[in-house]
Each structure stands twice: as C-alpha cells, then as structure tokens.
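Novice: Take this structure first; my questions come after.
The values are calculated or read from the model by the stated rules, or taken from the named source; none is laboratory data. Since the structure is predicted, the reported quantities are computational estimates derived from the model, not experimental observations. Reconstructed Cβ throughout: ideal geometry from the backbone, glycine too, with neighbour counts over all protein chains shown. For accessibility, only protein heavy atoms count, side chains too; no ligands or nucleic acids. Shrake-Rupley method; radii C 1.70, N 1.55, O 1.52, S 1.80 Å.
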Amino acid sequence: MKKQWIVSTFTLVLFLFGCAGGNDEIKDSQLSLLKTTNPPPLELNKEKETVASQVKKEVQQMKELYDVAVIVGEEDILVAYKVKHLYRIRMKKIEKNLKKTLEKKFPGENFSVSSDYKVFLEAVRLKEKLDEGKISKKEANKKLKKLIKLKDKQT
C-alpha cells in the first residue's frame, strides 16, 4: 500500500512538471517582476525617434535605477523605471530629480515619470503588442495617453 502511494505521488508530480513546461516563448512582461527586462525605447512619433534612445541613456546613468521603459508619443514621453531596493526609501526624491534632469536636458518635452510597477508593466506590454502587430501606432498612442492618465491618478 505504501509503495502504491509513493508511485502515484511521484507520477502526479511528474505530470504536473510536464504540463508546466509547454510554453518556451516567455514574454518580457511575464518576467519583468523577476528580472531586468531592459526593453528598447518605443517611438510612436517619427519626428522624435532620436529622443527616445537619448532619454533612455540619460535615465540609465542614474545609479538608483535598474530597469527603464521609455515610450515617446505624439505629445508626451513616458519614462517608467524600477528603483533598486536599497534606494526605495527615497523614491519621491528620485522621481523629482529624474524629472528635473530630463526637463533640463530636453527642454520643450512633456515628461511623465513613474516608478510604479503597474505603469512599467503596461509600458512593456504596449511595446510587445506593437511589435507583434496586434495594435497600430494610433491605438498605441491612445493607450499611452490612458497610461499617463493612470499614472497621474496615482500621484
């Protein structure tokens, strides 16, 4: 009886692990909480293509941050980032300094800066949907505006 219980438990565990490994293609948005995804900047406005990469480089220079998502829309630039654990106590100050630095380096641009994980995750998902062709740039701009409104409600 004990042997039968051990064999059935082992079979069940083996079956569960076998079912879990079926999807080898894992998206960045699924891993973004666990590791650094470092998504490339997304330019929805062709006139500002070089701005996105410059903004990303500027933000990555901050020692307090470890992952950055930049989306350049028609009117706004969204910068979503993750703060290293040791610096989380100073998140408001980091956000204030980051916004001030970006506005100084890129005058005339309208920045929305957020350390909220939900905003970061949605920015990564938006990039994935655009890359997969599930949405157009026009729809992506609408979603970006909604994402900025979501960020503004939280502050």
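Novice: I need a count of the residues in region 75-100 that are open to solvent by 100 Å² or more (accessible area, probe 1.4 Å) and outside any helix (DSSP H, G or I).
Specialist: Count: 1.
Novice: Which of the following residues is touching a strand residue (DSSP E or B) at 6+ places or on another chain (Cβ under 8 Å) and either free of Cβ contacts under 8 Å to residues at least 60 places away in the same chain or open to solvent by less than 90 Å² (accessible area, probe 1.4 Å) (or both): Gln54, Gln60?
Specialist: Answer to the selection: Gln60.
Novice: Hey, could you check region 1-57 for residues that are in contact with a Phe, Trp or Tyr (Cβ under 8 Å, 6 or more places away or on another chain) and either of a type outside the set (Gly, Ala, Ser) or farther than 16 Å from Lys127 by Cβ (or both) and say which is modelled with the lowest pLDDT? Before the answer, list the steps.
Specialist: First, the residues of region 1-57 that are in contact with a Phe, Trp or Tyr (Cβ under 8 Å, 6 or more places away or on another chain): 32-33, 36, 51, 54-55.
Of the ones still in play, those that are also either of a type outside the set (Gly, Ala, Ser) or farther than 16 Å from Lys127 by Cβ (or both) are 33, 36, 51, 54-55.
Numbers: Leu33: 56, Thr36: 69, Val51: 84, Gln54: 89, Val55: 89.
Once the filter is applied, the top-ranked residue is Leu33.
Novice: Same structure, new question: For residues that are in a helix (DSSP H, G or I) and out of contact with any strand residue (DSSP E or B) (no Cβ under 7 Å at 6 or more places or on another chain), scanning just region 101-116, find the one that is nearest to Leu65 (Cα to Cα). Talk me through it step by step, then tell me what you get.
Specialist: Filtering region 101-116 for residues in a helix (DSSP H, G or I) gives 101-105.
Subset that is out of contact with any strand residue (DSSP E or B) (no Cβ under 7 Å at 6 or more places or on another chain): 101, 104-105.
Details: Thr101: 14, Lys104: 19, Lys105: 18 Å.
Looking at the filtered set, the residue picked out is Thr101.
Novice: I'd like the full set of residues that are within 18 Å of Asn38 (Cβ to Cβ) and among the basic types (Lys, Arg), limited to region 102-155.
Specialist: Arg125, Lys127
Novice: Need the failing condition index for Lys138 against (1) under 16 Å from the mean Cα position of the chain (by Cα); (2) surrounded by fewer than 12 Cβ atoms within 10 Å (Cβ to Cβ); (3) of a type outside the set (A, V, I, L, M, F, W, C), just the number.
Specialist: Here Lys138 meets the rest and fails (1).
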